[in-house]
1. Could you tell me how many of the residues in the range 273-287 are surrounded by fewer than 21 Cβ atoms within 10 Å (Cβ to Cβ) and either near ligand 1 (Cβ under 6 Å from one of its atoms) or of a type in the set (D, E, K, R) (or both)?
2. Kindly indicate whether any position in the range 344-353 is open to solvent by 30 Å² or more (accessible area, probe 1.4 Å), within 13 Å of ligand 1 (Cβ to nearest atom) and in the same structural domain as Glu368 (by TED's automatic domain parsing).
3. Go through the range 308-324 and report how many residues are within 14 Å of ligand 2 (Cβ to nearest atom) and of a type in the set (A, V, I, L, M).
4. I need every pair where a residue in the range 143-164 that is open to solvent by less than 60 Å² (accessible area, probe 1.4 Å) has its Cβ under 7 Å from the Cβ of a residue that is assigned to a helix (DSSP H, G or I) and at pLDDT below 80, sequence separation at least 6 or different chains.
5. Applying the selection to the range 55-80, what residues are of a type in the set (S, T, N, Q) and either over 17 Å from Tyr91 (Cα atoms) or surrounded by fewer than 15 Cβ atoms within 10 Å (Cβ to Cβ) (or both)?
6. Exactly one of these conditions fails for Arg329: (1) closer than 19 Å to Ala276 by Cα; (2) more than 19 Å from the chain's Cα centre (by Cα); (3) open to solvent by 40 Å² or more (accessible area, probe 1.4 Å). Give me its number.
7. Assuming Thr84 fulfils every condition listed in (1) modelled with pLDDT of 90 or more; (2) open to solvent by 70 Å² or more (accessible area, probe 1.4 Å) apart from one, which condition is it?
Amino acid sequence: MTEAFRIPAEVDLVFEGRQLSLLIQSVTDYAIYMLDPEGHVRSWNAGGHRIKGYQHDEIVGQHFSRFYVPEDVERGLPMKGLETARREGKYEAEGWRLRKDGSRFRASVVIDPIWQHGELVGYAKVTRDITERYEAGLRLQDAQKALVQSQKIEAIGKLTFGLAHDFNNLLTVVINSLDLISMRPGADARTLQLVDTAMRAADRGALLTRQLLSFARGQNLVAERHNLNNLLSHSIELYRRTCGPTVEFVLDLGADMPEVLVDAAQFEASMMNLVANSRDAMPRGGRISISTHLANRAAPDDPNGISRDYVCVGVADNGVGMPADVVERAIEPFYTTKEVGKGSGLGLSQVFGFASQSGGFATLESRENEGTVIHVCLPRIQD
Ligand SMILES: Nc1ncnc2c1ncn2[C@@H]1O[C@H](COP(=O)(O)OP(=O)(O)O)[C@@H](O)[C@H]1O
Ligand SMILES: [Mg+2]
């Protein structure tokens with residue numbers, strides 16, 4: 001011992017010891033305890049009681065591994081901690097620990113060996129409950145990830161908008177020219193058939209650019225009063241064509257539907273998206289039905305749960321359905337399970353975005369091998 005650490009002769013060691021013990025007892029944010037060389041608890045302070053929930057008598061004499069979660073005990077972590085402290089003079093770690101009631105908390109742990117005359121007499125162990133800090137850190141990480149993700153989406157949005165806009169102009173020229181060709185007198189049947197095929201492909205391209213545009217600009221809605229039954233009846237041929245010949249198409253409109261405020265073009269695009277999805281889910285044919293009904297209910301994301309009248313359009317199919325992990329992600333922009341060229345992953349994101357921007361909401365129910373129903377619900381106009 002150097003001169004500086006020599007204890008002055010006049011210090012009352014017993015008194016100092018009591019002071020120290022009082023000090024340790026009054027610390028409640030840290031669990032401080034003494035272990036014997038094998039790891040049994042010899043004594044502990046009030047912080048130990050506060051953090052872990054045991055009474056003094058319940059824990060003194062017990063092995064300290066009971067504070068560890070079973071996985072860590074299995075890995076021999078408690079004894080490894082003691083060995084490291086003995087060998088290296090200190091052990092520091094962070095991990096999950098157990099309270100008496102079985103709940104877990106995030107702990108920061110320091111273990112120091114105590115030597116007396118060159119012999120190991122035990123360990124001092126200090127544990128701090130850092131659950132709050134740990135969870136705040138996780139939340140921060142999540143928030144950062146979400147921010148990066150939204151910046152990425154914004155950048156993709158800008159790029160998409162520029163491309164889709166130019167592409168849309170090109171398609172307009174293609175479609176107009178095809179129209180003109182088909183109207184020219186003297187065109188033979190084979191030519192008309194080719195024109196028709198080209199027209200259908202151009203229509204698909206136009207739908208795609210509409211999806212891209214509405215994704216990119218978050219949609220500029222031009223809402224007007226409409227009866228959804230009328231809009232649906234008006235486009236029935238379009239939906240039937242989209243279904244193709246192997247799929248039965250049923251329109252089941254409820255009587256006396258009130259009007260809603262809606263952008264007719266976006267509504268049609270969303271119906272086209274849903275019908276196209278249903279058709280893709282039924283490669284061997286099946287049945288698609290579009291129905292309307294009036295519902296008095298609360299929007300699923302309304303925190304106050306206030307009910308109001310909605311005109312709901314359901315698009316149902318008995319196709320392949322979605323497994324749970326697809327249901328989870330289906331409405332994310334660019335999420336698709338289809339091969340390149342078949343899917344853009346923008347259909348459902350348009351439908352759900354359109355519904356909520358129109359003051360309503362959309363819901364998705366799907367079961368693997370059974371089918372899918374999507375509802376688009378728009379609020380009835382309050383007079
Ligand atoms: N009616 C449906 N039946 C089964 N799966 C569907 C249906 N509608 C959507 N999905 C699933 O959700 C995914 C995302 O759909 P969507 O956003 O329209 O993008 P895309 O159709 O371009 O893939 C699809 O790839 C598909 O896996
Ligand atoms: Mg789609």
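The values are calculated or read from the model by the stated rules, or taken from the named source; none is laboratory data. Note that this is a predicted model, so its numbers are computed, not measured. Using ideal geometry, Cβ is built from the backbone for each residue, glycine included, and neighbour counts are taken over all protein chains shown. Heavy atoms of the whole protein, side chains included, go into the accessibility calculation; ligands, DNA and RNA do not. Shrake-Rupley method; radii C 1.70, N 1.55, O 1.52, S 1.80 Å.
1. So the count comes out to 4.
2. Yes: one or more hits.
3. 3
4. Pairs that qualify, where the first residue is open to solvent by less than 60 Å² (accessible area, probe 1.4 Å) and the partner is assigned to a helix (DSSP H, G or I) and at pLDDT below 80, are Gly157/Phe215; Gly157/Ala216; Thr160/Leu212; Thr160/Phe215; Thr160/Ala216; Ala164/Leu212; Ala164/Leu213; Ala164/Ala216.
5. Across the range 55-80, the qualifying residues are Gln55, Gln62.
6. (2)
7. (2)
Results for (1) closer than 21 Å to Ser150 by Cβ; (2) assigned to a strand (DSSP E or B); (3) touching a residue at least 40 places away in the same chain (Cβ under 8 Å), shown as yes or no for each residue.
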{"position": "Asp325", "(1), (2), (3)": "no, no, no"}
{"position": "Gly341", "(1), (2), (3)": "no, no, no"}
{"position": "Gly345", "(1), (2), (3)": "yes, no, no"}
{"position": "Leu348", "(1), (2), (3)": "yes, no, yes"}
{"position": "Leu364", "(1), (2), (3)": "no, yes, no"}
{"position": "Cys377", "(1), (2), (3)": "no, yes, yes"}
